[in-house]
Amino acid sequence: MRFNKNSDSQAAIDVEGSDSVTNNSDDYEPHDQLPPAKSASYIESLFILIKATLGTGILGMPRAFYTAGYVLGAVGTLFAGILTTGSMILIGKSEHELCRRKRIPRMTYPETMEAAFELGPGCLRRFKGTARFLTTTAIVMLEFGTDCAYAIFIAVNIKEICEQHFSPAPLRFYLLCLLGPLIVMCWVRNLKYLAPGSTLGSFCAVGCVAAVYYYIFSQPMTLEGKKAVGSVRDFSLFFGQVLFALGAFGVVVPLKNKMTRPAQYGSVCGVVNAATIPDIFLYIIIGVFGYLAYGENTQNPITLNMPQTGIVGDLIRILLACSIFTTYPLCNYVVIEQLWHKNLRLWLGDVKNPHQWEYAFRTVVTCANVLFCIVVPSLELVMSLVGSLMVPALGLWFPAIMYTLTFWNEYRGVKFALFLLTSIVLTLTGMFALVVSLSTTLTEIYETVL
């Protein structure tokens, strides 16, 4: 999820005009160029993408299905899954084609968006800087919002454990208690020191999710009293949560660029399909049966429906909280990389003690993150807000725009019709998520806060 300051594509992005870089591009194959650092195999890339898409979002699906209904929830999850999977493939195809035209091995997501405008219709080339800025901003906001969901998830599970032994306290109290440890974790500047904990946390998360499935299917289930289809208002909240759960667009291009064989990324049996298709069905299964098992008592996250006493339930909550705790600084790293290293650090120039300034900035970002959680201490609403605000841009609009500008003059006949239909569906779905889902979520947040 890291965007290197001196990326391989930076020099090429700064080239004015496209005529000089598109000539003789047919004999250049970006997939033949190995990444400069250690590459990732097919299996390693598969697990990375599974980890990115199978996070806290899956534990909120039963509550989301309670909102939308088990039939509409299943159909909506399948629809959102198809769209997000297709968008990931479109991003990979666009990045590959643009790299081939520019004769460079790889680009980041913002660089790919900029290149699409640069090499697209001439009238749009002047907007390439704006396109890159908007893409970078969306990624930063997505990662910031994801960290908010992580912080609330950790606090909710700790609160559930502590209230069995101590006096009840509001969730905001536990968020304040988390502030110090989260700041210390975000002070770690080198990702390699975070990797072991994140890897261990991934195994813990997989085991805990399996245990959650076990508890769900050990409950009696019935359709009686369960709604099959919710209202439009309820569905709009649900759709934002599903987009948040499935939207791993911050890792799409970096993962492809890290692969030993990038051609295996978006192929029929490639990493994207192999990771997201099973994930979609896991989301549907836990959503449907979690709702049928707990009905109106379904909570977000579903771990709150686990046994309230006993070592097994507490162990699941502790391991999940620790797993997300080790993942929290990884999302924060993207925010720091973009805001500090590529902007504020350059603006400050040759300031004394730059590391101290960086630590101060990391502290401010973490405090802002926790402060937002204190203002809106609802995992359901935070997930819906991030999913309906940022994912439509990064996962629906930007891929459609990027793909359209890259291949706008290369399709004819049926292929052009499918090409146009894909762009229209992505755009309209993004409009629904932004206008309907976002307005409903903001209304809920307003009523919750006040």
**OP:** State the dimensionless ratio Rg/Rh of the range 50-182 (Rg: radius of gyration of Cα atoms; Rh: Kirkwood radius).
**Re:** 1.13
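Taking all protein chains as present, what is the carbon and sulfur share of the accessible area of the chain, in % to the nearest whole number, probe 1.4 Å?
Exposed carbon and sulfur together represent 67 percent of the surface.
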**OP:** Using DSSP to define loop residues, name the GluC sites (Glu not before Pro) in the range 357-450 whose beta-carbon has at most 14 other beta-carbon atoms within 10 Å.
**Re:** GLU410
Subject >> Leading residue at positive end of dipole, the range 350-450 (Cβ point charges), from VAL364, VAL449, LEU418 >> reply: LEU418
Original post:
Where in the range 180-234 are there trypsin sites (Lys or Arg not before Pro) that are in a DSSP coil and have at most 12 other Cβ atoms within 10 angstrom of their Cβ?
Top reply: none
**OP:** Evaluate the distance, in nm, between pseudo-label points positioned 7 Å from the Cα of ALA210 and of VAL232 along their respective Cα→Cβ axes.
**Re:** 4.5
Subject >> Relative contact order (%) - the range 272-413, alpha-carbon pairs under 8 angstrom, separation at least six >> reply: 15
Original post:
In the range 124-221, which GluC sites (Glu not before Pro) fall in coil by DSSP and have 15 or fewer other Cβ atoms within 10 Å?
Top reply: GLU163
**OP:** Calculate how large, on average over all directions, the projected area of the Cα convex hull of the chain is; give the answer in nm² to one decimal.
**Re:** 22.8
Subject >> Accessible area per residue, Å², the range 367-450 with all protein chains present, probe 1.4 Å >> reply: 44
**OP:** Give me the accessible area per residue for the range 94-202, probe 1.4 Å, as a whole number in Å².
**Re:** 41
Original post:
Hey, could you pull the Cα Rg and Dmax for the range 342-419, both in Å?
Top reply: 21.0, 62
Subject >> Cα-centre dipole for the range 332-450 with unit charges at Cβ (Lys and Arg positive, Asp and Glu negative), debye to 20 >> reply: 380
Original post:
Which values, in whole Å and largest first, are the semi-axes of the equivalent ellipsoid of the range 66-105 obtained as the square root of 5 times each eigenvalue of the Cα gyration tensor?
Top reply: 36, 6, 4
**OP:** List the pair-distance distribution P(r) of the range 128-247, using every Cα-Cα distance, as the percent of pairs falling in each 5 Å bin from 0 up to the bin containing the longest distance, rounded to whole percents.
**Re:** 2, 7, 9, 14, 18, 19, 14, 8, 5, 3, 1, 0
Original post:
Relative to the longest principal Cα axis of the chain, at what angle does helix 413-432 sit, 0 to 90 degrees, rounded to 10?
Top reply: 40
Original post:
Over what distance in Å are the Cα centres of the range 164-212 and the range 264-325 separated?
Top reply: 17
Subject >> Stokes-Einstein D (µm²/s) once Rh is taken as the Kirkwood radius of the range 298-450 over alpha-carbon pairs, at 25 °C in 0.890 mPa s >> reply: 125
**OP:** Return the distance in nm (one decimal) between the two label points of a simple spin-label model at CYS162 and LEU420, each offset 7 Å from Cα along Cα→Cβ.
**Re:** 5.9
Original post:
Given a 1.4 Å probe and the protein chains all in place, what does the accessible area of ASP32 round to, in Å² to the nearest 10?
Top reply: 110
**OP:** Would you please give the residues with an amide H less than 5 Å from that of ALA40, counting only those at least 5 places away or on a separate chain, with H modeled from the backbone geometry?
**Re:** MET259, THR260
**OP:** With a 1.4 Å probe and every protein chain left in place, work out the accessible area per residue of the range 221-312 in Å², rounded to a whole number.
**Re:** 39
**OP:** May I ask you to derive the FRET efficiency for GLU447 and LEU348 from their Cβ-Cβ distance with R0 = 51 Å, giving the value to the nearest 0.05?
**Re:** 0.75
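The values are calculated or read from the model by the stated rules, or taken from the named source; none is laboratory data. Predicted model only: the values in this text are computed from it and were never measured. Don't worry about glycine lacking a Cβ; one is built from the backbone with ideal geometry, like all the others, and counts go over all protein chains shown. To get the accessible areas, we keep the full protein, side chains included, count just its heavy atoms, and leave off ligands, DNA and RNA. Shrake-Rupley method; radii C 1.70, N 1.55, O 1.52, S 1.80 Å.
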